[in-house]
Amino acid sequence: MIMPWNRSELATVLTLDQCSDLTRALEEAGIDCHVKVVDRTLHSGSRERSGTLFQEHSCQYTIYVLRRELQAAIEATGLTPIR
């Protein structure tokens, strides 16, 4: 089970398609994941203050995996680790 104390952030993406691609690759590799969705329209203030910035991406998807499976998840998804 993925809990806050044993998880690592794999990626943060702005489209549902990107999120689906990553979670599908993790599922095919047998790696459990958790996705946190943040509605950015609630946090960006009014349109008058933020303009049209981020209007096309109203949600942010953060994908978490077990800390011990992070390297396998990076390899399964083809992501480049940040050092």
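A few remarks follow.
- Ranking by accessible area, most exposed first, for 35, 13 with a 1.4 Å probe: 35, 13
- Residue 16-residue 2 pseudo-label distance in nm [points 7 Å out on the Cα-to-Cβ vector]: 1.9 nm
The values are calculated or read from the model by the stated rules, or taken from the named source; none is laboratory data. Fair warning: this is a prediction, and the values are worked out from it, not measured in the lab. Because the Cβ atoms are built from the backbone with ideal geometry, glycine has one as well, and the counts that use them run over all protein chains shown. Ligands, DNA and RNA are excluded from the accessible area calculation, which covers all protein heavy atoms including side chains. Shrake-Rupley method; radii C 1.70, N 1.55, O 1.52, S 1.80 Å.
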